[in-house]
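What follows is calculated from the coordinates using simple rules that are stated; it is not laboratory data. Owing to the predicted nature of the structure, the values given are computational and were not obtained by experimental measurement. All Cβ positions, glycine included, derive from the backbone under ideal geometry; neighbour counts span all protein chains shown.
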Amino acid sequence: MEVIEKKQDGICILTLSGRLDANSSEEFREKILQIIEDGAKKVILDCENLNYISSAGLRVVLEATKEIKRHEGKIMLCALQDYIKEVFEVAKFDAFLPIGGSVEGALKEF
Amino acid sequence: MTNHPLPYVGSQAESERILLVDDNPTNLQVLFQTLEGRGYNLLVAKDGETALTIVKKALPELILLDIMMPGIDGYEVCRRLKNDPTTKEIPIIFLSALGETKDKVRGLDLGAVDYISKPFQAEEVIARVNTHITIYRLRREVQAQKDALERELEVVAKVQYDLLPKRLPEIKGMKLSAYYQTSRYAGGDYYDIIELPDERWGFMVADAEGHSTPAAVRMAMTCALLRGYPGAASDPGKVLKDLNRTLCEVVGMSFITAIFAVYDGRDNSLRIVKAGHMDPLLYRPSKGETVEIPCEGTYAMGIEQYDEVPVTETRLQSGDRLLFYTDGLTEQFNPEGEMYGLERLCRQLSKDRGDSPKEILDAIVDDAERFAKGLPADDDQALLLCVVE
């Protein structure tokens, strides 16, 4: 999986592409937790090119969501492919973080 | 030097064996004297043929191999050793005359790890041999640790299989079958059937996130909480809520998805709760197709306490096939990167195969295996199929 980080209007946008699974989740976990530790309070995960997420990937998203909440910040998941959206819906993760809007919408909402 | 039939020289049984191969007796002697008394067992061969025989018998930890030799030359010895699974891991250092860059490259291409130039410099020989013996020792250590870890995982997996129902219960008016496969020794999937008062039964299928021991521990925890549930576990919403309360305290940064259904044999009713899990599948002969039973459910267990767990009620009919499953099956990939998926599973469940749940499950598992074309599963798979008589 590839992660590209960019900053826009004080919002951290992480563009994910490829597979977020057991093989890539640990690296992504370290990266996003570091970003949160460095003080990012508004994080957008742009998932337009994310093709697959496993339960290990879900766990990392969940951990990051909890962690950023502790710092009074927020993560928004954007532009999910249908399959990935379904995975998050089955997991009922919409109870913890906003899922499925566009990146533009999320930028305005923050 | 020696003409001992098995050309062992030196006495330390535990020390590494190094085979020195050179057709030139002077070279052989220089190498021998350079490495003597440094804690290695030194073996010698004067030609390629002898070298191959000694390697097969003694399996040395390192070979110093001359290139130009009458008969089988060093390249050929190397090629043969690299083609033999029992000897291909033995590191080979080529001995080559100075300046013959082509020879060195060719040797490295054949799988040699290094080369030493002639005429030999004692310090260089010692340094390179020590380096490769150190690498060898580290590799052996890593391998030993890996073996120990795998043995441990196998033990965990065995304990885990022991937690599953030894045999499925006889339920009046219903036939059952289950399938369980962990992806790499221990896993996080779990299925269970518990008997409840008044012809009622509880069906559980759960999936602890992650693999190996941590997932297995969470799976065992879920099993213990369900089997040790105080009183009758006949209120599915309350069961899930209670299980989740304890799991939230012990799970840490992970989760367990689950589906739990209470079946009442008196009126064929089914009350289903689910936590971050896939909906159960239902094949109804009169409809001729398989559909998901849409259950609202809640998020996975172990994350946060539940306020309320929505319960979905439905009633089974004669001939119904009800399947609870974990995503290890639907997320089985093939070499082309495609996923087995829900549609294929539904198609298989809808096929006319009589009413033996075992045969239906076997056909589903076979179909997924054919689809995977030998690609191993990333995740555990648990399936529990109920066929209503």
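Brief remarks on what is shown
- Shielding of A:18-25 by partner chains, average beta-carbon count, 10 Å: 2
- Spatially, region B:221-251 and region B:252-295 are offset by 18 Å when compared through their Cα centroids.
- Separation of the alpha carbons by more than 21 angstrom is noted, of A:Lys42/A:Lys66; B:Lys57/B:Lys82; A:Lys92/B:Lys274; A:Lys6/A:Lys41; A:Lys69/B:Lys238, for A:Lys69/B:Lys238.
- MRE, 222 nm, helices only [DSSP H, n ≥ 4, -39500 (n - 2.57), over the protein assembly as shown, to nearest 500]: -12000 deg cm²/dmol
- Spacing of the modelled spin labels on B:Arg370 and B:Ser269, each 7 Å from Cα toward Cβ, amounts to 4.2 nm.
- Mean partner shielding of peptide A:58-65, defined as the number of other chain Cβ atoms within 10 Å of each residue Cβ, is 3.
- Cα gyration tensor shape of region B:165-388, rounded if a/c is under 1.5, else prolate or oblate by comparing a/b with b/c: oblate
- Summarising the label geometry, the points placed 7 Å from Cα in the beta-carbon direction at B:Asn83 and B:Glu170 lie 6.3 nm from one another.
- Shape category assigned to chain B from the gyration tensor of Cα positions, a/c cut at 1.5: prolate
- Fully extended contour minus Cα-Cα distance, from B:Ser15 to B:Asp198, at 0.36 nm per residue: 58.9 nm
- Residues in region B:73-100 that a label on B:Lys57 would reach, taking backbone N under 14 Å of a point 7 Å out along Cα→Cβ: none
- Restricting the calculation to Cα atoms, region B:264-389 yields a radius of gyration followed by a Dmax of 15.6, 48 Å.
- Zone residues, region A:37-53, relative to A:Gln8, backbone N less than 20 Å from point 7 Å out along Cα-to-Cβ: A:40-51
- Based on the Kirkwood approach, the hydrodynamic radius assigned to the protein assembly as shown is 27.0 Å, with every pair of different Cα atoms included.
- Cα-projected label distance for B:Glu292 with B:Arg227, points at 7 Å along beta-carbon direction, nm: 3.2
- Taking the Cα centre of the protein assembly as shown as reference, the dipole from Cβ charges on Lys and Arg (+1) and Asp and Glu (-1) amounts to some 600 debye.
- Taking the Cα centre of region B:119-232 as reference, the dipole from Cβ charges on Lys and Arg (+1) and Asp and Glu (-1) amounts to some 200 debye.
- Sequence-separation-based contact order of region B:17-143, relative, with Cα cut under 8 Å and 6+ spacing, percent: 23
- Of the residues B:Gly231, B:Ala45, B:Val387, the one whose Cα sits farthest toward the positive end of the charge dipole of chain B, with +1 on the Cβ of Lys and Arg and -1 on the Cβ of Asp and Glu, is B:Ala45.
- The slack in the chain from B:Arg38 to B:Thr26, taken as 0.36 nm per residue of separation less the alpha-carbon distance, amounts to 2.3 nm.
- Only Lys, Arg (+1) and Asp, Glu (-1) charged, at Cβ; region B:196-299 dipole about Cα centre in debye: 140
- Spatial offset of region A:67-88 relative to region B:316-389 amounts to 30 Å, using the alpha carbon center of each.
- Across peptide B:248-260, the average count of Cβ atoms from other chains found within 10 Å of a residue's Cβ is 2.
- Cα shape, chain A, gyration tensor, a/c 1.5 rule: rounded
- With R₀ fixed at 56 Å, the C-beta to C-beta distance from A:Ala95 to B:Leu108 puts the FRET efficiency at about 0.45.
- Chain B: relative contact order in percent, alpha carbon pairs under 8 Å with at least 6 residues between: 13
- Residues of region A:74-107 with amide N under 18 Å of a point placed 7 Å along Cα→Cβ from B:Cys248: A:92-97
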